[in-house]
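*Asks:* Can you read through this structure? Questions will come right after.
The values are calculated or read from the model by the stated rules, or taken from the named source; none is laboratory data. Predicted model only: the values in this text are computed from it and were never measured. Backbone-built Cβ (ideal geometry, glycine too); neighbour counts: all protein chains shown.
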Amino acid sequence: MLQNLSSKLPQVEDSIFAKMSALAHREGAINLSQGYPDFPIAADLIKLVTKAYTEGYNQYAPMPGILTLREAITDKVKQLYGASYHPETEVTITAGATQAIYTAISALVKKDDEVIVFGPSYDCYSPAVKLQGGKVIELELKAPHYSINWLEVEQHISENTKMMIINSPHNPTGAVLQKEDLVQLKRLTDHTNIIILSDEVYEHIIFDEQEHQSVAKLESLRQRSLITASFGKTFHATGWKMGYCLAPEILMKEFRKIHQFNVFSVNHPVQVALSAYLVEPKNYLQLPEFYHRKRDFFIDAISGSKFTIKPTGGTYFQLLGYENISDEKDVDFAIRLTKEFKIASIPISVFYANKTDHKMLRFCFAKNEDTLKQSAEILNKIGT
């Protein structure tokens, strides 16, 4: 029997998403914690996947992904951001964005390299850095705006800074980077060897006439950046675990060295379907309006509650402050709401290394109106 096993991640437990979803299931609560839609995938996309299965695309796809899908992605990026990527050498299809993020970090971060992340940060970033022997430098984003303090970033850049991880629209806060943020990022990284890992999985879920500021827009940033994206988030199919990575050839070569021994290739028939589905731009360009309606429906429905609300700028998550309701720690409050009120959320402190608690909970509004209406009825009763 094994004894004294040395863990590579001794402080890591099951993710907060797994914990809160499991608790919601046990308690019979409405689950607004984990970020997945409860409405159907587009019927046209389902037909395309079924067609691909029946036509025999059921064996291994090429390691970097089928070329038609990579071409469709580069066409989309060119149209949206004016950036040119070579479909053969600068795009790789992945098993979701999380795999792409892990692969990018594994390929490029070495022992004692420093990686700047912005807390609250998505929970897969820091563990991946630590597994490579890297050092996480977390800079805290402050409520309620959660914007980056670029002077603070400049003060923390050192000769050991290997990578900076940015995320916009931002999970869990919904904050959105602006043009000036890219200007500052360019200023701080030009003439350095710092690599940018840009998590852009919610690129098409952005509101209030804002534009997504992809690092692909600025050539000098594009040449030092890996961009990760998610078909699951874009097309309401999180269970398919389909994403991709964009990067200049020099970085993509290193990325693929890890990718081929990590998953090698990903779901072939779904790739075939997505390559056809991306031909019609409206299939992703309609997302801002679609989720904008859901955001506003949810916010209007809870406008009479005691929660404080700052409408999210992007993603399908809404932060609600409960400082007028309770002094409890956010983890304790989230658990109590799940057990007593039968509604599950995500406490924001878990996304900070120091567990900073701004009395904020994250709620997913990628739900049908009936679910959102039932949720609002519950939230309006809390603290009354």
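*Asks:* Looking for whichever is at pLDDT 95 or above, touching an Asp or Glu at 6+ places or on another chain (Cβ under 7 Å) and among the basic types (K, R) here; the options are K162, K217. Which one fits?
*Replies:* Details: K217 fails: touching an Asp or Glu at 6+ places or on another chain (Cβ under 7 Å).
The unique qualifying residue is K162.
*Asks:* What is the residue count in the range 169-202 for residues that are touching a helix residue (DSSP H, G or I) at 6+ places or on another chain (Cβ under 8 Å) and either at positive phi or in contact (Cβ under 8 Å) with a residue 60 or more places away in the chain (or both)?
*Replies:* Residues in the range 169-202 being touching a helix residue (DSSP H, G or I) at 6+ places or on another chain (Cβ under 8 Å) and either at positive phi or in contact (Cβ under 8 Å) with a residue 60 or more places away in the chain (or both): 7 in total.
*Asks:* A further question follows. Being in contact (Cβ under 8 Å) with a residue 12 or more places away in the chain, surrounded by fewer than 21 Cβ atoms within 10 Å (Cβ to Cβ) and within 30 Å of V266 (Cα to Cα) is the requirement here; does S147 meet it?
*Replies:* no
*Asks:* May I ask you to say which residue of Q34, Q3, Q59, Q11 is at pLDDT 95 or above and among the polar types (S, T, N, Q)?
*Replies:* Q59
*Asks:* Now for a different question. Kindly provide the set of residues from the range 92-123 that are assigned to a loop (DSSP other than H, G, I, E, B) and either under 20 Å from N160 (Cβ atoms) or at pLDDT below 95 (or both), ordered by number.
*Replies:* Correct list: V109, K110, K111, D112, D113, S121, Y122, D123.
*Asks:* So how many residues does the range 286-335 have that are among the basic types (K, R) and part of a helix (DSSP H, G or I)?
*Replies:* Going residue by residue through the range 286-335, those that are among the basic types (K, R) are 293-295, 306, 310, 329.
Checking the rest, the ones that are also part of a helix (DSSP H, G or I) come to 293-295.
Within the range 286-335, residues that are among the basic types (K, R) and part of a helix (DSSP H, G or I) number 3.
*Asks:* Pull out all pairs, ordered by first then second residue, where Cβ-Cβ is under 7 Å, the residues are six or more apart or on different chains, the first lies in the range 246-257 and is farther than 16 Å from E71 by Cα, and the second is among the small types (G, A, S).
*Replies:* Close Cβ pairs (under 7 Å, with a partner that is among the small types (G, A, S)) amount to E254/A107; F255/A104; F255/A107; F255/A247; K257/A107.
*Asks:* Separate question: Just for the range 85-102: of the residues that are of a type outside the set (S, T, Y) and touching a His at 6+ places or on another chain (Cβ under 9 Å), which one is farthest from I250 (Cα to Cα)?
*Replies:* Q99
*Asks:* Restrict the check to the range 25-32 and report whether at least one residue is in contact with a Phe, Trp or Tyr (Cβ under 6 Å, 6 or more places away or on another chain) and aliphatic (A, V, I, L, M).
*Replies:* Yes, the range 25-32 contains a residue that is in contact with a Phe, Trp or Tyr (Cβ under 6 Å, 6 or more places away or on another chain) and aliphatic (A, V, I, L, M).
*Asks:* Are any residues in the range 4-55 more than 30 Å from L131 (Cα to Cα), surrounded by 18 or more Cβ atoms within 10 Å (Cβ to Cβ), in the same structural domain as D330 (by TED's automatic domain parsing) and of a type in the set (G, A, S), and if so, which ones?
*Replies:* Of everything in the range 4-55, those that are more than 30 Å from L131 (Cα to Cα), surrounded by 18 or more Cβ atoms within 10 Å (Cβ to Cβ), in the same structural domain as D330 (by TED's automatic domain parsing) and of a type in the set (G, A, S) turn out to be A24, A29.
*Asks:* For the condition touching a residue at least 60 places away in the same chain (Cβ under 8 Å), part of a loop (DSSP other than H, G, I, E, B) and either surrounded by 24 or more Cβ atoms within 10 Å (Cβ to Cβ) or of a type in the set (S, T, Y) (or both), what is the one hit in T371, T338, T384?
*Replies:* T384 is the lone residue from the list that is touching a residue at least 60 places away in the same chain (Cβ under 8 Å), part of a loop (DSSP other than H, G, I, E, B) and either surrounded by 24 or more Cβ atoms within 10 Å (Cβ to Cβ) or of a type in the set (S, T, Y) (or both).
*Asks:* Still on this model: For A376, state whether it is touching a helix residue (DSSP H, G or I) at 6+ places or on another chain (Cβ under 6 Å) and outside any loop (DSSP other than H, G, I, E, B).
*Replies:* Criteria met by A376.
*Asks:* Kindly evaluate K76 against the criterion of being farther than 30 Å from K342 by Cα, under 20 Å from the mean Cα position of the chain (by Cα) and either surrounded by fewer than 17 Cβ atoms within 10 Å (Cβ to Cβ) or not polar (S, T, N, Q) (or both).
*Replies:* Working: farther than 30 Å from K342 by Cα: yes; under 20 Å from the mean Cα position of the chain (by Cα): yes; either surrounded by fewer than 17 Cβ atoms within 10 Å (Cβ to Cβ) or not polar (S, T, N, Q) (or both): yes.
Yes: the conditions hold for K76.
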